[in-house]
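Down below is the structure, laid out as structure tokens.
Here, each number is a calculation from the coordinates, and none is a lab measurement. Being a predicted model, the structure only gives us computed values, none of them experimental. Cβ placement follows ideal geometry from the backbone for every residue including glycine, while neighbour counts extend to all protein chains displayed.
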């Protein structure tokens, strides 16, 4: 992968952060208007992209976008469609976990509502495509300071170089340093939970079925990967998560088996264990003059609904559409009048999803029998209402509400 150590150059858009969200924005901008000069600044070298052991659930709308951007064909052979999803609610000691809710896995005939995608495949494919479209990669490097000067924003780089742009986009994660430098405050609190992420190999095939088991400490999600493998997102209280991640393999596998069950046969760890603290963090503003937030830099939510990354892809599709359209009519890409269109499009939807995941986590991460009875009645009721289930599938697929063109599979 070609890297650029470009410095002292001028760009239309500089993206700080070369993860899925930053790379997809670079792709969307160059695909929408090849004349837009785009640079991605990231502290990790491009070779590190292929070393990410995790997998991501990519919703149908995001698949349509990635297909429109010309990368899905390279990613698809290594993905696993989610053909079905079941939801249970139980205590850890329960020997039987009744299924309260089931979802068919298709948005339209032959179109699964999500695919499980290895990051080690997705990230290099996006990087290679972006480089081929003329995106400059300034790596390994990072933006340390920035200042607005008239119609440009001047960026200082950690390596000592400098670049200017019409717009700086921060895609540098939930603890975004650039968001803080921009003076954007957040609404945030800690859940006292951590998400354990790992991969397991199992004896029997999963047949593309995803499972979400609501347990007192939080949801335990089993997400199918290609072959007899599954990705786990296991929520525990932070102290317990830390203990489990640091325990020996035998202890960890015993605790894993208690939650996973025996329906897929013998289990074997197929990757390292990692734990991430969980909380809610929503930026009060998504934009400032010549500055915009996307992805986790704008919103960090609980993984209970599996929508964190897909919210970031919605940001990308909306911001790219706003910027490309502004460029076509000769508007300033970093002007607040242009950026405010993006903020109006995305902020309410993001806050709504943040509230939903917060309520769901508080409702399901407890062991109180009266609350369990109410929520189980609610799950069973939804399971008997096809129209409501269709709405949930549409939400999970990323196709609810005002949808940017890229998420419909259309060119900007």
In a Gaussian network model over the chain where Cα atoms closer than 10 Å are linked, find which of 374, 87, 355 has the largest mean-square fluctuation.
374
At the level of C-alpha centres, the distance separating region 282-302 and region 306-335, in angstrom, is 13
To the nearest 0.05, how large is the calculated FRET efficiency for residue 154 and residue 73 if R₀ is 35 Å and r is the Cβ-Cβ distance?
0.35
Crossing angle, helix 336-364 versus the chain [Cα axis fit, 0-90 degrees, rounded to tens]
10
When the chain is treated as a Gaussian network with springs between alpha carbons less than 10 Å apart, the largest mean-square fluctuation among 115, 188, 206 is found at 188
How would you rank 13, 107, going from fewest to most other Cβ atoms within 10 Å of each one's own Cβ?
107, 13
Taking alpha-carbon centroids only, region 139-166 lies from region 41-78 a number of Å equal to 27
Nearest 10 degrees, 0 to 90: helix 249-260 Cα axis against the chain principal axis
80
Would you mind checking the tilt of helix 369-383 against the longest principal axis of the Cα atoms of the chain, expressed as 0 to 90 degrees and rounded to 10?
70
Peptide ranges 59-70, 133-144, 253-264 listed from the most packed, as the mean C-beta count within 10 angstrom indicates
59-70, 133-144, 253-264
Most mobile of 110, 227, 308 in a GNM of the chain (Cα contacts under 10 Å)
110
Euclidean distance between Cα centres, region 209-253 to region 337-373, Å
23
Pairwise Cα inverse-distance average, inverted: Kirkwood Rh of region 235-303 (Å)
15.2
